[in-house]
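The values are calculated or read from the model by the stated rules, or taken from the named source; none is laboratory data. Keep in mind that what you see is a predicted model, and the values were worked out from it rather than measured. All Cβ positions, even for glycine, are placed from backbone atoms using ideal geometry, and neighbour counts span all protein chains on display. We work out accessible area using only protein heavy atoms, side chains counted, and drop any ligands, DNA or RNA first. Shrake-Rupley method; radii C 1.70, N 1.55, O 1.52, S 1.80 Å.
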Amino acid sequence: LSPPPPLPTPPTRVYLTHTRSKQMRAGDIIFFYMSRGQHADSQSITSVGVIAGVNHPQDYNELARITARRSAYTDPQLRAFAARGAVTAIDFLLVGHLGQRVPLSDLLTKKILKGWPQSVTTIRAECYATLKRALNLGFSV
C-alpha cells in the first residue's frame, strides 16, 4: 500500500500591527481581542489562532507582497499602514472563533490581564491555563 496523500496546508491569514514586540514565534497561540466599539463582542477575546510566522516588511512593496490576498486591508489601507512606521506582519492559522466570547471583565477578574490590552501582550503560562478553560471551541487547544 502506498501512503495516503499529504493533507493540504490550510491557508494562513495575516494580522498587521505596529508592535515592537519580538517575542512571537511560529507555534505560539494567538488570541484576538476586539477592542471598543458598537459591536456586542467588543472588549472581549473573540478568536484563536496559531502563529505560522512573523515578518517585518521594510516598505509598502514588501508589505503588499507578504499580505497578498490574505488580509482584510485594501491597497490604500496597506499604504497608510506602511507609512505610519515599522510593521509586523503575523501569519497565522485561524483555529476558530469562540462560541462564547471571553469579556475583558473576566480577563481582569481572573487576573489573566492587568488592564485592557493596548498591543500584542504576552500572558504567563498559568494565565493561559485559566484562559484555556474558558475557551469553548469544541476541541482542545
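Given the conditions (1) closer than 18 Å to P117 by Cα; (2) open to solvent by 30 Å² or more (accessible area, probe 1.4 Å); (3) touching a residue at least 60 places away in the same chain (Cβ under 8 Å), which single one is not true for R84?
(1)
Within segment 87-98, identify whether any single residue is outside any strand (DSSP E or B) and not polar (S, T, N, Q), and answer yes or no.
yes
Taking the criterion of being in contact with a Leu (Cβ under 6 Å, 6 or more places away or on another chain) and either open to solvent by less than 30 Å² (accessible area, probe 1.4 Å) or at pLDDT below 85 (or both), would at least one residue in segment 91-104 satisfy it?
Checking segment 91-104: at least one residue is in contact with a Leu (Cβ under 6 Å, 6 or more places away or on another chain) and either open to solvent by less than 30 Å² (accessible area, probe 1.4 Å) or at pLDDT below 85 (or both).
Working carefully through the options P57, P5, find the one that is assigned to a loop (DSSP other than H, G, I, E, B), touching a helix residue (DSSP H, G or I) at 6+ places or on another chain (Cβ under 6 Å) and free of Cβ contacts under 8 Å to residues at least 40 places away in the same chain.
P57
Mind counting the residues in segment 17-52 that are modelled with pLDDT of 90 or more, open to solvent by less than 50 Å² (accessible area, probe 1.4 Å) and among the charged types (D, E, K, R)?
Matching residues across segment 17-52 total 0.
Identify all residues within segment 62-80 that are modelled with pLDDT of 90 or more and touching a helix residue (DSSP H, G or I) at 6+ places or on another chain (Cβ under 9 Å); write none if there are none.
The answer is E62, L63, A64, T67, D75, L78, R79.
In the set I66, I45, I29, which member is of a type in the set (V, I, T) and touching a Gly at 6+ places or on another chain (Cβ under 8 Å)?
Checking each option against the conditions leaves just I29.
Say we look at segment 106-127 and pick out the residues that are part of a loop (DSSP other than H, G, I, E, B) and among the small types (G, A, S); which of these is least open to solvent (accessible area, probe 1.4 Å)?
Going through the qualifying residues, I end up with G115.
Return yes when R13 is of a type in the set (D, E, K, R), touching a residue at least 24 places away in the same chain (Cβ under 8 Å) and surrounded by 15 or more Cβ atoms within 10 Å (Cβ to Cβ) and no when it is not.
It is true that R13 is of a type in the set (D, E, K, R), touching a residue at least 24 places away in the same chain (Cβ under 8 Å) and surrounded by 15 or more Cβ atoms within 10 Å (Cβ to Cβ).
What are the residue pairs meeting all of these: first residue in segment 117-133, first residue more than 30 Å from V87 (Cβ to Cβ), second residue open to solvent by 60 Å² or more (accessible area, probe 1.4 Å) and of a type outside the set (A, V, I, L, M), Cβ atoms under 8 Å, and 6 or more apart or on different chains?
T130/K110; T130/K111
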